[in-house]
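Chemist: First the structure, then my questions, so here it is.
The values are calculated or read from the model by the stated rules, or taken from the named source; none is laboratory data. Here the structure is a predicted model, which means the values were calculated and not measured. Glycine also receives a Cβ, built like all others from the backbone with ideal geometry; neighbour counts cover every protein chain displayed. Surface areas here come from the heavy atoms of the whole protein model, side chains and all, with no ligands, DNA or RNA. Shrake-Rupley method; radii C 1.70, N 1.55, O 1.52, S 1.80 Å.
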Amino acid sequence: MAVKTKRTVKQPKKYTKQDLSIYINLLTDFGFKRVFGIKEVMLNFLNTVLNIEGGITDLTYGNVEILGLTKNDRKAIFDLICITGNGERIIVEIQNIEQEHYRDRMLVYASQLIQEQNVKGKVNNKYWNFKLDPIYSINIMNFLLGKKKRPNKYLTQWQLKELDTNEVLYDKLTFVCIELPLFSKKLRGVKTALEQWIFLIKSLHELKNIPKKYKTEIFQKIFEMAKIAKMSKEDVKKYIKSLNDMSLVEYEINRRDIAIEKRDIAIAAIRAERDIAWNTIVGLQSNNAALQSNNAALQNQIEEYKRRYGQLNGKMI
């Protein structure tokens, strides 16, 4: 059975230098790490998003590759990991293409940072007492976390809570989700520092110059780092590769989604045919039962005539 769908998938775009705009795309792996890999930039972003009491005054970048507990375990490779001066561990992930089981991935990555703090043996002549440093998982997503839409609620924070009272069970594990499709403000409507950041992440590559509301020192630094004309030839090549990688991933995911859609359409068609066939069978069985009932009534009537009037040479009188 041929299955048709209205959706089509285009071949992945092959980017060249001629396709580049003035500023890099922060939704690419290269663009994100180039800008957020600057300490001052990350500090400003984290303080704006997390609003931790006392603020974050210092940080170091951690190892983005964490091995599993055994050689057979899958290793976790993060976009960026930061460790603050107070010991908070912060994962910052950017995901441009929707990924299946992304919530599970967030939990797995956070658990890696929890397990990493498992101190084996003695430290300062004392055994580890299970005390953990706070962990923040910041996830910037160019898709919706779930089917439920929350108008203008593009930033949400999640913790473990008691279901009836909302009492927080554990306040040292926080997931921050930034859903870019829910941020609909245009440049003229951007007012707060958080809005400046979200708009920049989403739209930097579409800008032609530095807007007036981005004239602060930290944003000036970002625009300077993001200007493609100021990049080395090698970095331009890396950036183009990052664009092509993103395009290829999007193409493969679209192919997967269309295949799933075709499968679902085929299953729905088979179920519809099955339901029609089943209803036909039920109808025939019902008609047959009615005929049998009618035949039984007719046979009873014949028997009654026989009883009343008798037969002559096998024929009813």
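Chemist: Using the structure shown, decide if ILE265 is touching a Lys or Arg at 6+ places or on another chain (Cβ under 8 Å), more than 20 Å from ASN44 (Cα to Cα) and modelled with pLDDT under 95. Talk me through it step by step, then tell me what you get.
Modeler: Working: touching a Lys or Arg at 6+ places or on another chain (Cβ under 8 Å): yes; more than 20 Å from ASN44 (Cα to Cα): yes; modelled with pLDDT under 95: yes.
Spelling it out, ILE265 is indeed touching a Lys or Arg at 6+ places or on another chain (Cβ under 8 Å), more than 20 Å from ASN44 (Cα to Cα) and modelled with pLDDT under 95.
Chemist: Under the condition of being of a type in the set (Asp, Glu) and over 8 Å from the mean Cα position of the chain (by Cα), which residue from region 88-113 is least open to solvent (accessible area, probe 1.4 Å)?
Modeler: Keep residues of region 88-113 that are of a type in the set (Asp, Glu), which gives 88, 93, 98, 100, 104.
Going one step further and asking which of them are over 8 Å from the mean Cα position of the chain (by Cα), we end up with 88, 93, 104.
Values: GLU88: 21, GLU93: 4, ASP104: 92 Å².
The residue in question is GLU93.
Chemist: Further question: Just a yes or no: is a residue in region 239-257 surrounded by 10 or more Cβ atoms within 10 Å (Cβ to Cβ) and assigned to a loop (DSSP other than H, G, I, E, B)?
Modeler: Going residue by residue through region 239-257, those that are surrounded by 10 or more Cβ atoms within 10 Å (Cβ to Cβ) are 239-257.
Now narrow it down to the ones that are assigned to a loop (DSSP other than H, G, I, E, B): none.
No; the residues of region 239-257 include none that is surrounded by 10 or more Cβ atoms within 10 Å (Cβ to Cβ) and assigned to a loop (DSSP other than H, G, I, E, B).
Chemist: Is there any pair linking a residue in region 258-272 that is open to solvent by 60 Å² or more (accessible area, probe 1.4 Å) to one that is modelled with pLDDT under 75, with Cβ under 7 Å and at least six apart or on different chains, and which?
Modeler: LYS262/VAL3; LYS262/THR5; ILE265/VAL3; ILE265/THR5
Chemist: Using the structure shown, decide if LYS227 is open to solvent by 80 Å² or more (accessible area, probe 1.4 Å) and under 27 Å from ASN142 (Cα atoms).
Modeler: Values: open to solvent by 80 Å² or more (accessible area, probe 1.4 Å): no; under 27 Å from ASN142 (Cα atoms): yes.
Considered against the rule, which asks whether it is open to solvent by 80 Å² or more (accessible area, probe 1.4 Å) and under 27 Å from ASN142 (Cα atoms), LYS227 comes out as no.
Chemist: Quick check on my filter: what residues within region 85-104 are farther than 17 Å from THR156 by Cβ and polar (S, T, N, Q)?
Modeler: ASN86, ASN96, GLN99
Chemist: Provide a single number: the residues in region 80-121 that are over 28 Å from GLY55 (Cα atoms) and either at pLDDT below 80 or not in a helix (DSSP H, G or I) (or both). Can you show your working first?
Modeler: First, the residues of region 80-121 that are over 28 Å from GLY55 (Cα atoms): 96-102, 104, 120-121.
With either at pLDDT below 80 or not in a helix (DSSP H, G or I) (or both) added as a condition, the list becomes 96-101, 120-121.
Selection size over region 80-121: 8.
Chemist: Is there a residue in region 72-79 that is assigned to a loop (DSSP other than H, G, I, E, B), surrounded by 11 or more Cβ atoms within 10 Å (Cβ to Cβ), at pLDDT 85 or above and within 25 Å of the chain's Cα centre (by Cα)?
Modeler: no
Chemist: Could you list, ordered by first residue, the pairs with Cβ atoms under 7 Å in which the first is in region 138-156 and touching a residue at least 40 places away in the same chain (Cβ under 8 Å) and the second is surrounded by 11 or more Cβ atoms within 10 Å (Cβ to Cβ) and assigned to a loop (DSSP other than H, G, I, E, B), at least 6 apart or interchain?
Modeler: Qualifying pairs under 7 Å: ASN142/LEU27; ASN142/ASN96; PHE143/GLU98; TYR154/PHE183.
Chemist: Counting only residues that are over 14 Å from the mean Cα position of the chain (by Cα) and of a type in the set (Lys, Arg), how many does region 123-181 have?
Modeler: Residues flagged as over 14 Å from the mean Cα position of the chain (by Cα) and of a type in the set (Lys, Arg) within region 123-181 amount to 6.
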